[in-house]
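The values are calculated or read from the model by the stated rules, or taken from the named source; none is laboratory data. It should be emphasised that the depicted structure is a prediction, and the values quoted were computed from it without experimental measurement. Here the Cβ positions follow ideal geometry from the backbone for every residue, glycine too, while neighbour counts run over all protein chains shown. Please note that ligands, DNA and RNA were not included when accessible areas were found on the heavy atoms of the full protein model with its side chains. Shrake-Rupley method; radii C 1.70, N 1.55, O 1.52, S 1.80 Å.
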Amino acid sequence: MGTPYPTPIDPSNTRIGFIGIGVMGAAMASRLISAGYNLSFYARNPSNPNSLSLQSKGATLSPSISALAQSSNVLFTMVGHPSDVRSLYLDGPDPILSSLNPNSVTVDTTSSHPDLARQIFSAARDRSSWSVDAPVSGGDIGARDGKLAIFAAGDRDVVEWLQPLFSVMGKATYMGGAGCGQSCKIANQITIGGNLVGLSEGLVFAKRVGLDLEKFVEAVREGAAGSKAMELFAGRMIGRDFRPGGYAEYQVKDLGMGVDVVEGGDDESCVVLPGAAICKQIFQSMVANGDAKLGGQGVITVIERINGM
């Protein structure tokens, strides 16, 4: 029973699995449940609030990663770091890929490394299953509202097959072969990191010279300074709402993959990114200040500290 690739996805038959029910993952899983899909999940701490909330909505708690992999046609993952992804898929005591059924599909939405995504894709194909790297952008609000930008990569036909699920969570764009989704997410994080630092500096300057911050944002938002980052985060910065959609420490990780890692190891793939390097240092300062688990919009506190505010 069920609908492994390429049988069309159908809410009444396709069995969805989910690993990683933090702020983002829980919201994404909730949307799939609300769309009528049969969803099971694995949680290291079954009694945490997100686990209990998903169960109250009809999700099933799986006893192990292997049991979840065996019972899922499509298995989503949303964890923290590339090391977590590697352990989960390849090297851990209960790796996903060792338990998948033929033609099952894994979708890693974690912000991870392109080379690792390619390794997982190759290992999945060796087991007659499929892997898609599909990191997301949009934070907790985008996850909650189904407005995530999804950067999907791997086999084009498999990505197209997954569209009914992606459309529940946001808008998916096919980026190319395995690893291209992760490369797109790194480029995305370089862009949003610069936006957050620029927005923080604009607000700190406006406050120092005596402007009303809400009027400042309203005045500039329709001009060239306006951005999605301003729409999502200016109000939170002004209101001191630093609850995480994505942790500051993850921003450091993502920027590091762009600044510190040379994909492929040859000179032609090396890109000089001075702005991203500076942004990484600023977010590292935020982590050093003890704010690793705050949302990225909390970077304004670093700019404030530098200015004695």
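Within the assembled protein chains, the solvent-accessible surface assigned to residue 247 is about 70 Å², based on a 1.4 Å probe.
Given R₀ = 45 Å, what would the calculated FRET efficiency be for residue 306 paired with residue 47, taking r from the Cβ atoms and rounding to 0.05? E between residue 306 and residue 47, to the nearest 0.05, is 0.60. Anisotropy class assigned to the stretch 79-220 is prolate, per the alpha carbon gyration tensor with a/c at or over the 1.5 cut-off and a/b larger than b/c. For the set 57, 215, 280, the ranking by accessible area, highest first and with no ligand, DNA or RNA atoms included, is 215, 57, 280 under a 1.4 Å probe.
For the stretch 200-309, the list of GluC sites (Glu not before Pro) that fall in a loop by DSSP and count at most 10 other C-beta atoms within 10 angstrom reads 222.
Since only 102, 56, 37 are under comparison, the one whose Cα sits farthest along the positive direction of the charge dipole of the chain, derived from C-beta charges on Lys, Arg, Asp and Glu, is 56. Other residues lying with their Cβ under 13 Å from the Cβ of residue 23 contribute a combined charge of +2, Lys and Arg counting +1, Asp and Glu -1. Computed about its Cα centre, the charge dipole of the chain is approximately 820 debye, with only Lys, Arg, Asp and Glu carrying charge at their Cβ.
What number comes out for the charge environment of residue 140, summing +1 per Lys or Arg and -1 per Asp or Glu over other residues with Cβ under 14 Å away? Residues close to residue 140 contribute a combined charge of +4. In the chain, the calculated helix contribution to ellipticity at 222 nm averages -14000 deg cm²/dmol per residue, counting -39,500 (n - 2.57) for every DSSP H run with n ≥ 4. Note on residue 61 and residue 87: the model spin-label points, each 7 Å out from Cα along the C-beta direction, lie 2.1 nm apart.
Of the residues 113, 81, ranked by 1.4 Å probe accessible area with the largest first, the sequence reads 81, 113.
Measuring between their Cα centroids, the stretch 225-239 and the stretch 274-292 lie 19 Å from each other. For residue 140, the solvent-accessible surface computed with a 1.4 Å probe is close to 40 Å², ligands and nucleic acids excluded.
Annotation for residue 125 and residue 70: the two label points, set 7 Å from Cα along the Cα-Cβ direction, are 2.8 nm apart.
The lysine pair tally for the chain, using Cα distances under 26 Å and a gap of 8 or more places or different chains, is 25. Axis of helix 274-288 versus longest Cα principal axis of the chain: the two differ by about 90°, to the nearest ten degrees. With respect to the chain, whose longest principal axis is taken over its alpha-carbon atoms, helix 248-259 is tilted by about 80°.
Largest to smallest in accessible area, the residues 270, 180, 279 fall in the order 270, 180, 279 (1.4 Å probe, all protein chains included). The residues neighbouring residue 293, those whose beta-carbon lies less than 12 Å from its own, together hold a net charge of -1 under the Lys/Arg +1, Asp/Glu -1 convention.
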